[in-house]
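Just below is one structure, and these are the notes that go with it.
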Amino acid sequence: MDFKKEIDINDLPKHIAVIMDGNGRWAKKHGKMRIFGHQNGVKSVRETSEAAAEIGIKYLTLYAFSTENWNRPKKEVDALMTLLVHTIESEIKTLNKNNIRLEAIGDLENLPKKSYSKLIEAIESTKNNDRMTLILALSYSSRWEIVNAVKKIAEKISKNEISSDMIDQKLFSSFLTTSKYPDPELLIRTSGEFRVSNFLLWQIAYAELYFTQKLWPDFRKDDLYEAILNYQKRERRFGMISEQINIQK
Ligand code: FPP
């Protein structure tokens, strides 16, 4: 089946978020070290970004490194950070050529100096691109982000810059790292795990969740298109009933 051809481009999710999982298992399956899985995952990052931009997705967020990932063996963390720097360096040209803006969310200052500066350089160099925004979640976790937002709000209250009765969902969202982006309508997780692993917990309140058995390094354009098609076949009711949704359409 040609999934891309079946997609209704007038009903695309604006924002897709992806939990890229299964690199380690993929490497093991091929009798290699875990880092070999991460290296091969880069091709899937490229394919997914291209596929998303080609069809007209405006925001794509990839969970590249979680706060919890710092607890992995130092060798793997170092290798992932090196891979990040190399990938960013080698992809800047392609991002600019394809009019894709790179951004990042997470506790970025916690990244090694070199990774941080390369990242900022790439963000700066792609900042005027407007076809799609590719957001890397790095040293990110949702609970970290939520606690941080609460701290910032508390500080504003203590300085009398806002009052507690001004706090509502909109104000709270504006203190999250994702404040500039719409909430993802579709969350994809690869590798057959059915968890959200501390990723965009607030933002996925109404997202459709899509799980695939594919391990991340095997994920290709068609897999993204299949997920979008699956999303389009679902009825999103936001707590209402079918008839109300159909009237709104
Ligand atoms: C999860 O697989 C994957 C990661 C923690 C890292 C994702 C990184 C990449 C795809 C490469 C670099 C990315 C960018 C954006 C440059 P896992 O290691 O948890 O796999 P497992 O569950 O099979 O052990």
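State which residue pairs qualify: first residue modelled with pLDDT under 80 and inside the stretch 221-247, second residue part of a helix (DSSP H, G or I) and exposed (fewer than 10 other Cβ atoms within 10 Å of the Cβ) in any location, beta carbons under 7 Å apart, and separation of 6 or more residues or different chains.
GLU235/SER242
If you go through the stretch 33-51, how many residues are more than 8 Å from the ligand (Cβ to nearest atom), of a type outside the set (Lys, Arg) and either open to solvent by 20 Å² or more (accessible area, probe 1.4 Å) or not in a helix (DSSP H, G or I) (or both)? Even if it seems obvious, please write down each step before you answer.
Keep residues of the stretch 33-51 that are more than 8 Å from the ligand (Cβ to nearest atom), which gives 33, 35-36, 40, 43, 46-51.
Right, trim to of a type outside the set (Lys, Arg) and you get 33, 35-36, 40, 47-51.
If we keep only those that are either open to solvent by 20 Å² or more (accessible area, probe 1.4 Å) or not in a helix (DSSP H, G or I) (or both) as well, we get 33, 35-36, 40, 47, 50.
Adding up the residues that qualify gives 6.
Given the conditions (1) closer than 17 Å to PRO184 by Cβ; (2) within 11 Å of the ligand (Cβ to nearest atom), and given that GLY24 satisfies all but one, which numbered condition is not satisfied?
(1)
So, in the stretch 11-32, exactly how many residues are assigned to a loop (DSSP other than H, G, I, E, B) and either open to solvent by 30 Å² or more (accessible area, probe 1.4 Å) or under 21 Å from PRO73 (Cβ atoms) (or both)?
Of all residues in the stretch 11-32, those assigned to a loop (DSSP other than H, G, I, E, B) come to 12-14, 20-22, 30-32.
Keeping just the survivors that are either open to solvent by 30 Å² or more (accessible area, probe 1.4 Å) or under 21 Å from PRO73 (Cβ atoms) (or both) gives 12, 14, 20-22, 30-32.
Counting residues in the stretch 11-32 that are assigned to a loop (DSSP other than H, G, I, E, B) and either open to solvent by 30 Å² or more (accessible area, probe 1.4 Å) or under 21 Å from PRO73 (Cβ atoms) (or both) gives 8.
Take the residues in the stretch 102-126 that are open to solvent by less than 70 Å² (accessible area, probe 1.4 Å) and charged (D, E, K, R); name whichever of them is farthest from PHE175 (Cα to Cα).
Ranking the qualifying residues of the stretch 102-126, first place goes to LYS118.
Residue-wise test of (1) more than 21 Å from ALA52 (Cβ to Cβ); (2) out of contact with any helix residue (DSSP H, G or I) (no Cβ under 6 Å at 6 or more places or on another chain); (3) within 16 Å of the ligand (Cβ to nearest atom).
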{"position": "PRO182", "(1), (2), (3)": "no, yes, no"}
{"position": "ARG189", "(1), (2), (3)": "no, yes, yes"}
{"position": "GLU193", "(1), (2), (3)": "yes, yes, yes"}
{"position": "ILE228", "(1), (2), (3)": "no, yes, no"}
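Which of the residues spanning the stretch 120-177 are assigned to a loop (DSSP other than H, G, I, E, B) and either acidic (Asp, Glu) or in contact with a Phe, Trp or Tyr (Cβ under 6 Å, 6 or more places away or on another chain) (or both)?
Going through the stretch 120-177, the residues assigned to a loop (DSSP other than H, G, I, E, B) turn out to be 126-131, 141, 159-163, 167-168, 174-177.
Result: ASP130, GLU161, ASP168.
Taking the condition open to solvent by 20 Å² or more (accessible area, probe 1.4 Å) and away from the ligand (no atom under 13 Å from the Cβ), does GLU6 pass?
Details: open to solvent by 20 Å² or more (accessible area, probe 1.4 Å): yes; away from the ligand (no atom under 13 Å from the Cβ): yes.
When the stated conditions are applied, GLU6 passes them.
The values are calculated or read from the model by the stated rules, or taken from the named source; none is laboratory data. All of these numbers come straight from a predicted model, not from anything done at the bench. Cβ coordinates were reconstructed from backbone atoms using ideal geometry, including for glycine residues, and neighbour counts include every protein chain displayed. Protein only, heavy atoms only, side chains kept; ligands, DNA and RNA dropped before computing areas. Shrake-Rupley method; radii C 1.70, N 1.55, O 1.52, S 1.80 Å.
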